[in-house]
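First comes the structure, then the notes that go with it.
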Amino acid sequence: MIKLYGLKMSNYYSLVKAILIEKGIDFEEVKAPPTQEEDNLQRSPMGKMPSIEVDGNYLSESLAIARYAEQVKPTPALLPSDPFEAAKVVELVCHLKLDVELTARRCLPVLFGQTVSDETKKETEKDLTKGMKAVSRLFVCDPYAAGKEITLADFYTFYTFGLANTLSQKLFEKDLLADHSDIQALVNSLASHPSIAKVEEEKAS
């Protein structure tokens, strides 16, 4: 059985957990905070979370884990069968990750009572605006992020904006989705999707 290492508070941990549930892959959760301890670095070279263990072998990075899950359990598919359409899903995932979530994450310390410089705040706000313009060009919302079927992009959408919008509202009093009603509607809808709803319910318990 797969072991999933990390903490429920992590949006990437929750994302991977939801994908494993969606795919019907059995797994065991192992509480493991992000550290630079050697045992954790063996699982995740940067000491981040989540990571998984499969038959004594380790794999980190959410997109790599999602790709592994897709190949181990092809159905239900979270990537289209058409190669170009599948690549477009991954393209959207990358922009969500790099241009929105990781951009907002620069200011993550404020959620833990710490401070960030005014320069960091200014650059983050500017880059988030740019990132939102980029991802909005790629969203289809018909009704899902990349088309008519749920894909990896939807899971990344839900867990990207959960964190990024919290930070944006706290730091800049700005709702990232205020001008993107279609994406906001999708996020609201995804909250009741069974695998995501299960993760969020267990997170709150």
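The values are calculated or read from the model by the stated rules, or taken from the named source; none is laboratory data. In this text, all values refer to a predicted model and were calculated from it rather than measured experimentally. Reconstructed Cβ throughout: ideal geometry from the backbone, glycine too, with neighbour counts over all protein chains shown. Ligands, DNA and RNA are excluded from the accessible area calculation, which covers all protein heavy atoms including side chains. Shrake-Rupley method; radii C 1.70, N 1.55, O 1.52, S 1.80 Å.
Some points to look at:
- Computed about the Cα centre, the dipole magnitude for segment 80-178 is approximately 260 debye when only Lys and Arg (+1) and Asp and Glu (-1) carry charge, each at its Cβ.
- All other residues whose Cβ lies under 13 angstrom from that of S189 are scored, Lys and Arg at +1 and Asp and Glu at -1, for a net of -3.
- When Rg and Dmax are taken over the Cα atoms of segment 10-160, they come to 16.7, 47 Å.
- Summing +1 for each Lys or Arg and -1 for each Asp or Glu among the other residues whose beta-carbon sits under 10 angstrom from that of A146 gives -3.
- Taking every alpha-carbon pair under 8 Å whose residues sit at least 6 apart, the chain reaches a relative contact order of 21 percent.
- Pairs beyond 21 Å (Cα-Cα), from K8/K88; K97/K133; K88/K133: K8/K88
- Exceedance of the 20 Å cut-off in Cα-Cα distance is limited, within the set K17/K148; K23/K198; K17/K126, to K17/K148; K17/K126.
- Charge dipole of the chain about the Cα centre (unit charges at C-beta), most positive-ward option of M132, M49, T160: M132
- Think of a 1.4 Å ball rolled over the protein heavy atoms: segment 74-205 then has 53 Å² of accessible area per residue.
- Summed side-chain charge close to V54 - residues other than V54 whose Cβ falls under 15 Å, Lys, Arg +1, Asp, Glu -1: -2
- Using just its DSSP H runs of length 4 or more, each adding -39500 (n - 2.57), the chain gives a mean residue ellipticity at 222 nm of -16500 deg cm²/dmol after division by all residues.
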